[in-house]
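The values are calculated or read from the model by the stated rules, or taken from the named source; none is laboratory data. On a predicted model such as this, the values are computed, not experimentally measured, just so you know. Cβ sites come from the backbone with ideal geometry, for glycine too, and all protein chains shown count toward neighbours. For the accessible areas, the whole protein counts, side chains as well, though only heavy atoms, and no ligand, DNA or RNA atoms are used. Shrake-Rupley method; radii C 1.70, N 1.55, O 1.52, S 1.80 Å.
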Amino acid sequence: MKRSTTMLMAALILPGIYSLFGPYNWAWAGSLGLFILLAACYWLSIKYHSSRKLFISIQVGIAAVIGALYSPWNLVLGFYPAMVAGIFLSQKSLRVFTGLASVSFAASVFFYYELQQQEWQFYWVPLVITVLFLPFVVKIYHRSMIMNQELKVANEEITYLIKNEERQRISRDLHDSVGHTLSLITLKSELMERLIREHPEEAIEEANAIQEISRSVLLQVRQLISDMQSVDIEEELEHAENVFSWADIAFHRKIDCAFEEIPPITRNIFGMCLRECITNVLKHSGAKTCTVTLHGNGREYILIIEDDGKGMSLHNGHQKDFGSGIVGMKERLLLIGGTLHIDSAEGTDVTITVPKMG
């Protein structure tokens with residue numbers, strides 16, 4: 001707030017310097033005094049919420065007086081109350097401000113030309129129209145800035161939630177797989193200790209078993225570390241192309257949008273979902289062809305993974321082949337408002353839709 005106030009007050013510097021130039025007479029002194037009063041009301045309208053409308057009205061009146069006494073060009077000073085109104089007032093109050101400014105500026109122009117017997121000219125019309133519409137432009141811009149800031153905060157929160165969800169998943173994996181395997185190593189070590197003197201051959205067999213289990217744990221830990229690394233849809237597409245060529249499965253990719261335009265969070269979740277789907281195609285589908293399509297429209301990004309395999313088997317009404325993979329994908333997509341649809345009538349079609357952010 002302090003920074004915003006400083007930036008708003010900085011707008012007074014140039015007209016303040018300009019008002020110091022002569023000729024130095026009573027007219028100059030009156031103009032300078034009115035400008036100082038306007039500047040003071042401008043600062044008070046920014047600082048004090050309870051009296052803001054009053055000080056904005058006073059600024060409009062001062063701008064109108066300066067315009068009437070000196071020149072309609074001075075109605076440009078209506079820029080200052082217009083700025084404050086656009087930033088701080090509601091839409092309803094802006095309409096009131098526009099009405100007040102219109103009446104005040106019309107009276108100011110009338111006084112200048114009629115009562116001072118000046119010849120009517122209309123060079124001031126674009127200037128007044130700009131000042132009257134300025135609050136609405138400022139309001140739109142200010143709302144846009146607030147929405148962008150809120151979107152930035154929301155993206156940071158989503159990133160945190162994704163990381164937290166991944167930590168929980170890794171914690172579950174460590175407990176369910178690595179933890180149980182380490183417990184098995186402990187039990188076999190105790191058994192080997194009892195067998196080593198009386199039954200050395202059996203102890204050797206147990207030692208060999210411990211070595212195999214240790215290698216298994218090492219592989220599991222490496223897999224978990226690999227999963228902890230960031231996944232990107234572009235990298236996963238390249239990986240899919242390689243693994244399908246090894247598995248003798250024809251792979252087609254149809255990309256109709258630039259990867260750079262997709263937010264990093266969306267690319268990351270698309271990558272994790274694609275990895276899950278590709279794994280399922282390799283393990284369960286028996287497919288000969290797999291096609292991945294990625295495109296976007298004005299509202300959303302759509303990722304489609306299609307294969308011509310046997311389709312997905314059902315267990316109690318749920319897709320069996322994916323196991324907990326579907327739940328994991330839905331949980332990740334939920335963080336960014338995405339949806340998952342699976343059609344397994346002929347082959348399997350997985351459609352993932354994510355709304356665009358911003």
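Starting from region 115-126, take each residue that is among the aromatic types (Phe, Trp, Tyr) and list its partners that are open to solvent by 80 Å² or more (accessible area, probe 1.4 Å), counting only C-beta distances under 7 angstrom and pairs at least six apart or across chains.
Within 7 Å, the pairs are Trp124/Trp73.
Go through region 94-125 and report how many residues are closer than 16 Å to Val76 by Cα and open to solvent by less than 80 Å² (accessible area, probe 1.4 Å).
Total satisfying the criteria: 15.
Confirm whether Leu8 is modelled with pLDDT under 85 and surrounded by 13 or more Cβ atoms within 10 Å (Cβ to Cβ).
yes
Do any residues in region 287-306 that are touching a residue at least 12 places away in the same chain (Cβ under 8 Å) have Cβ atoms under 9 Å from those of residues that are hydroxyl-bearing (Ser, Thr, Tyr) and not in a strand (DSSP E or B), where the two are at least six apart or on different chains, and which pairs are they?
From residues that are touching a residue at least 12 places away in the same chain (Cβ under 8 Å), the pairs are Tyr301/Thr266.
Given the structure, is Ser93 farther than 24 Å from Val109 by Cβ and not aromatic (Phe, Trp, Tyr)? Break it down stepwise before answering.
Details: farther than 24 Å from Val109 by Cβ: yes; not aromatic (Phe, Trp, Tyr): yes.
Considered against the rule, which asks whether it is farther than 24 Å from Val109 by Cβ and not aromatic (Phe, Trp, Tyr), Ser93 comes out as yes.
With the requirement that a residue be farther than 29 Å from Gly309 by Cβ and either among the aromatic types (Phe, Trp, Tyr) or modelled with pLDDT of 75 or more (or both), what does region 214-245 give you?
Matches in region 214-245: Ser214, Arg215.
Hey, can you tell me all the residues within region 330-358 that are in contact with a Cys (Cβ under 9 Å, 6 or more places away or on another chain) and farther than 14 Å from Ile265 by Cα?
If the condition is that a residue be in contact with a Cys (Cβ under 9 Å, 6 or more places away or on another chain) and farther than 14 Å from Ile265 by Cα, then Leu340, Thr348, Val350, Ile352 are the ones that fit.
For Ser93, state whether it is at pLDDT 85 or above and part of a loop (DSSP other than H, G, I, E, B).
no
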